[in-house]
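To keep things clear, I will list the structure first and then write my remarks on it.
The values are calculated or read from the model by the stated rules, or taken from the named source; none is laboratory data. Worth saying up front: this structure is predicted, and the values here are computed from it rather than measured. Ideal geometry is used to build each Cβ from the backbone, glycine not excepted, and the neighbour counts take in all protein chains shown.
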Amino acid sequence: MPTRAVLTYGDYAALPDDGRHYELHRGELSVTPAPGTRHQEAVISLGSKLYEHVRSHGLGKVFVAPTDCILSSVTVVQPDILYVATDRLSMISERGIEGAPTLVVEVLSPSTAGLDRERKVRLYAEHGVPYYWIADPDSRSVEAYALAGAAYALAGRVTTEPAALPPLGRLALDPAAIWS
């Protein structure tokens, strides 16, 4: 049986800056195509709302891809949006976020939906990310999941009416504004 090379952060950091989207999932290299314009519009819309809310209330920091989220020496991801609460700010370094951020947001696109709903949800849970949001441009919804033990449980959903999602209970997300 052939042995599989397990890549580390050092291998990842040495990859060429060629415009591809690289991540490490348990030591395995994952390469996905660049996201489309609808995906990027959703990232900008949702990310700017989170950024303004978090900044204006002094709740921590918000980052958007491509920001490395170094969950371990063999797991490095670049979520679309990351929120790091004030009690976790020490994990921010020049390399990226070194540990589990408070919230990870993935905006689905046709090429990554399966990855975001299956492999990455397991990776985030395995590494103790407390909250995970999935924003779906097709259904024009945002689902919020909270870590409950070793897995995520649905904690809220924004579909047609404005609503707040954990961990940002004072931020009412208006779907009409997100998906306009």
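At a glance:
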| read-out | value |
| --- | --- |
| Residue match in segment 133-152 (condition: over 25 Å from residue 73 (Cα atoms) and in contact with a Ser or Thr (Cβ under 6 Å, 6 or more places away or on another chain)) | yes |
| Criterion violated by residue 54 - all others in (1) among the β-branched types (Val, Ile, Thr); (2) under 24 Å from residue 115 (Cα atoms); (3) part of a helix (DSSP H, G or I) satisfied | (2) |
| Qualifying positions in segment 169-180 - surrounded by 16 or more Cβ atoms within 10 Å (Cβ to Cβ) and in contact with a strand residue (DSSP E or B) (Cβ under 8 Å, 6 or more places away or on another chain) | 171, 173, 175, 178 |
| Cross-chain or 6+ apart pairs with Cβ under 9 Å, segment 16-40 first and on the phi > 0 side of the Ramachandran plot, then part of a strand (DSSP E or B) | 26/72; 26/75; 27/75 |
| Extreme residue, modelled with the highest pLDDT, among residues of segment 98-115 that are part of a loop (DSSP other than H, G, I, E, B) and aliphatic (A, V, I, L, M) | 100 |
| Residue within segment 81-92 that is within 19 Å of residue 140 (Cα to Cα) and either buried (at least 18 other Cβ atoms within 10 Å of the Cβ) or modelled with pLDDT of 95 or more (or both) present | yes |
| Failed item in (1) under 27 Å from residue 140 (Cα atoms); (2) touching a residue at least 60 places away in the same chain (Cβ under 8 Å); (3) of a type outside the set (D, E, K, R); (4) surrounded by 15 or more Cβ atoms within 10 Å (Cβ to Cβ), with residue 7 passing the rest | (1) |
| Residue match in segment 40-47 (condition: at pLDDT 95 or above, touching a strand residue (DSSP E or B) at 6+ places or on another chain (Cβ under 9 Å), in a loop (DSSP other than H, G, I, E, B) and within 22 Å of residue 85 (Cβ to Cβ)) | no |
| Residue in segment 143-156 that is surrounded by fewer than 17 Cβ atoms within 10 Å (Cβ to Cβ) and not in a strand (DSSP E or B) present | yes |
| Counted residues, segment 116-138 - those being surrounded by fewer than 13 Cβ atoms within 10 Å (Cβ to Cβ) and either assigned to a strand (DSSP E or B) or on the phi < 0 side of the Ramachandran plot (or both) | 2 |
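Let's see how each residue does on (1) touching a helix residue (DSSP H, G or I) at 6+ places or on another chain (Cβ under 6 Å); (2) surrounded by 14 or more Cβ atoms within 10 Å (Cβ to Cβ); (3) within 19 Å of residue 82 (Cβ to Cβ):
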| position | (1), (2), (3) |
| --- | --- |
| 141 | no, yes, no |
| 159 | no, no, no |
| 163 | no, yes, no |
| 167 | no, yes, yes |
